[in-house]
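> This is the structure I have questions about; it appears just below.
The values are calculated or read from the model by the stated rules, or taken from the named source; none is laboratory data. None of these values were measured; they are calculated from a predicted model. Reconstructed Cβ throughout: ideal geometry from the backbone, glycine too, with neighbour counts over all protein chains shown. When the accessible area is computed, the model is the full protein with side chains, heavy atoms only, and any ligands, DNA or RNA have been set aside. Shrake-Rupley method; radii C 1.70, N 1.55, O 1.52, S 1.80 Å.
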Amino acid sequence: MLRGLGISPGRSAGRVHRMAGPPLLPNPVPVTDPAAEITRAVRGLEDAAEELARRAAKAADPAARDILEAQAVMAGDPMLRESVDQYVGAGMDAAHAIDAACAHHRQVLVSVGGYVAERASDLDDIRNRAIAAVLGLPMPGVPSPGHPFILTAEDLAPADTVNLDPGSVLALVTEKGGPTSHTAILARALGLPAVVACSGATGIADGTWVSVDGDTGEVSTGIGEEAAGEIQRRALAERDRLGRTSGPGRTADGYPVKLLLNIGSVADAQGGVAAEGVGLFRTEFLFLDRRTAPTHEEQVSAYAAVLHAFPGAQVVIRTLDAGTDKPLPFLGLADEINPALGVRGLRVARRRPEVLDAQLDAIAEAATASDASPWVMAPMVTTPGEAADFARRARSRGLVNVGGMVEVPAAALHARRLLDELDFLSIGTNDLSQYTFASDRQHGDLADLLDPWQPALLHLIAQCAEAGRAAGKPVGVCGEAAADPLLATVLVGLGVTSLSMSARSVPAVREALARHSADQCRHNAQLALAAHDPDEARRAVRESW
């Protein structure tokens, strides 16, 4: 029995197959033509960028597509190429120059910490693909054993997971990663059970029969083909049953809880039939990788398309969440020592207020031609003063439902004061966890600190929900925690009024709420709050299930 952190619910079983390792560097060779060697190295980076862009274009999931597009931009970064030039100039061949340049930039990213450090694994993937291209080797990728299998790896890059076929890959198990890592987000989007931070996972021999429990984080080895088949049959029956659920979210005794979607574009609206609207429309995906800002007309068209996809429903549009892991070239922001604690989200308006004003203008125009109920909220709201300024800007344009994201402890602690200025709050549990526990969300050794079942995090959520009750205003959760059916009962018990998640997660959450009364949800919340650690909290609630 191996144990890790269950980050995508469900159970599956099958034979294990490991992700192919990175290409091995050959012995260095003398460089007799530096210009030709630079050309080889640059071509390798370009091949890696093109491969990532192709995978992005094929990606069905918008979150995966956006991650891959950002990786493709990293592969073409002029500073990375300049470093490669310098290493070739120092006598390195193309493959070793790419390796050295990526190692240098990786160290810089890790030293910065926070969100920026999360991109280090992306750079590792770029390095492996570029070196493979230079050496004429196949790009690293997922194995193809010819039958359904459990995929194990030290870690999974977005390019590895984006085109996974859930009909072939039954579950994911990695030795690294955390509950808010790219692997976790993509696994949930694909509906695959997944366990991360599972020491020893890559030591399981290919072909071994295992079961994976994405709820408990348990990976059982050597279970046998017959047992694996029975687990699979039960898992398929459960998915079929959940797929037949429908209707609005509510508890067993009729207490309403809105079930909403997290989306990045109108393409995600295809899952709208399973939800009651949009709890998080990430508008920054319209801005990614652009050297110039989208025009007013482009923005209006993008926002109107999403609003039209949800006639009569609530659609929460988040204004630009730029900075750290989502650098936008057209903003021209200066480099920072610690971007995760710097100018990001709403704080960008301190330097570029016209960008926020232009976005609010476009949202307001799109809203006038729609039957949807457009709500607008700002990311990284920290103080009542920031909330008041954002509300003034939005309301002056006729936007009447104005809210803010709770992503830092200061906002949670002053939730009541924020609601004096705003109409609603939406809790981003990924960032709130990271800032509360001062823990990098990609750091496998610290994954337990980012567990959304951490009682300290739940206390902050409870404080926000209580502020909402006192003010008579809604407080929702739009972080990854909302997709956990068991935790959903706790969040509702804390007083959260809506849950926003990927479309694939909605049926299981709807079914979990329908099995519990409001009082039972409140009981679950008290059990979780009284626990000493996330394992105890999860266990106590599961035992009361």
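> Looking at the square roots a ≥ b ≥ c of the eigenvalues of the Cα gyration tensor of segment 451-545, which shape do they give, rounded for a/c under 1.5, prolate if a/b is larger than b/c, or oblate?
On the way: a/c = 1.37, a/b = 1.04, b/c = 1.32.
Because its axes are fairly even, with a/c under 1.5, segment 451-545 counts as rounded.
> Let me ask something else about it. Given that compact globular proteins tend to follow 2.2 N^0.38 Å, what is the ratio of the alpha-carbon Rg of segment 418-457 to that value?
Working it through for segment 418-457, the quotient is 1.40.
> Taking Cα pairs under 8 Å and at least six residues apart, what relative contact order does the chain come out at, in percent?
Numbers: 1184 pairs, mean separation 87.4, N = 545.
Relative contact order here is 16 percent.
> Then there is this: If you place +1 on the Cβ of every Lys and Arg, -1 on the Cβ of every Asp and Glu, and leave all else neutral, what size is the dipole of the chain about its Cα centre, to the nearest 20 Debye?
Numbers: 50 positive and 68 negative charges, 254 e Å.
In total the dipole reaches around 1220 debye.
> Which net charge results when you count Lys and Arg as +1 and Asp and Glu as -1 among the other residues whose beta-carbon is under 10 Å from that of Asp160?
-1
> Per DSSP H run of at least 4 residues, take -39500 (n - 2.57); add these up for the chain, divide by its residues and hand me the 222 nm value, nearest 500 deg cm²/dmol.
Estimated from H runs of four or more residues: -14000 deg cm²/dmol.
> List the extent of the Cα atoms of segment 1-100 along each of their three principal axes, largest first, rounded to whole Å.
56, 32, 19
> For Met1 and Ser517, what does the FRET efficiency come to when R0 = 30 Å and r is the distance between their Cβ atoms, rounded to the nearest 0.05?
0.30
> Could you compute the net charge surrounding Ala13? Neighbours are other residues with a C-beta less than 15 Å from the C-beta of Ala13; K and R count +1, D and E count -1.
Counting the neighbours of Ala13, the net charge comes to -2.
> Highest first, please rank the peptides 343-349, 527-533 by the mean number of other Cβ atoms sitting within 10 Å of their residues.
343-349, 527-533
> Once you order the gyration tensor axes a ≥ b ≥ c over the Cα atoms, which shape class does the chain get: rounded for a/c under 1.5, otherwise prolate or oblate by comparing a/b with b/c?
In terms of gyration-tensor shape, oblate.
> Given a Förster radius of 60 Å and the C-beta distance between Thr39 and Asp371 as r, what FRET efficiency does 1/(1 + (r/R0)^6) yield to the nearest 0.05?
Calculated transfer efficiency: 0.60.
> State the percentage of accessible surface on the chain attributable to carbon and sulfur atoms; use a 1.4 Å probe and exclude ligands, DNA and RNA. It would help to have the intermediate numbers written out before the result.
Numbers: 11250 of 21470 Å².
Exposed carbon and sulfur together represent 52 percent of the surface.
> Would you mind classifying segment 395-487 by shape? Square roots of the alpha carbon gyration tensor eigenvalues, ordered a ≥ b ≥ c; an a/c under 1.5 is rounded, otherwise it is prolate if a/b is larger than b/c and oblate if not.
prolate
> At 1.4 Å probe radius, can you tell me the per residue accessible area of the chain in Å²?
Result: 39 Å² per residue.
> Multiplying the sequence separation of Thr245 and Ser544 by 0.36 nm and subtracting their Cα-Cα distance, what value in nm do you get? Write down the numbers at each step before the final one.
On the way: separation 299, 0.36 × 299 = 107.64 nm, distance 2.32 nm.
Extra length available between Thr245 and Ser544 comes to 105.3 nm.
> Another one. I'd like the antiparallel share, as a percent to the nearest 5, of DSSP beta bridges with both residues in the chain.
Working: 16 of 56 bridges.
Of those bridges, close to 30 percent are antiparallel.
> For a label point 7 Å from the Cα of His459 along Cα→C-beta, name the residues of segment 510-531 whose backbone N is under 11 Å from it.
It comes to 529-531, nothing else.
> Order of 468-480, 230-242 by packing, highest average Cβ count within 10 Å first?
Sorting 468-480, 230-242 by mean packing, highest first, produces 468-480, 230-242.
> For labels at Gln526 and Ala227 in the simple 7 Å Cα→Cβ model, what's the distance in nm?
The modelled label-to-label distance comes out at 3.9 nm.
> Moving on to the next point. Sort out for me the Cα centre separation of segment 23-41 from segment 459-529, rounded to whole Å.
Answer, in whole Å: 56.
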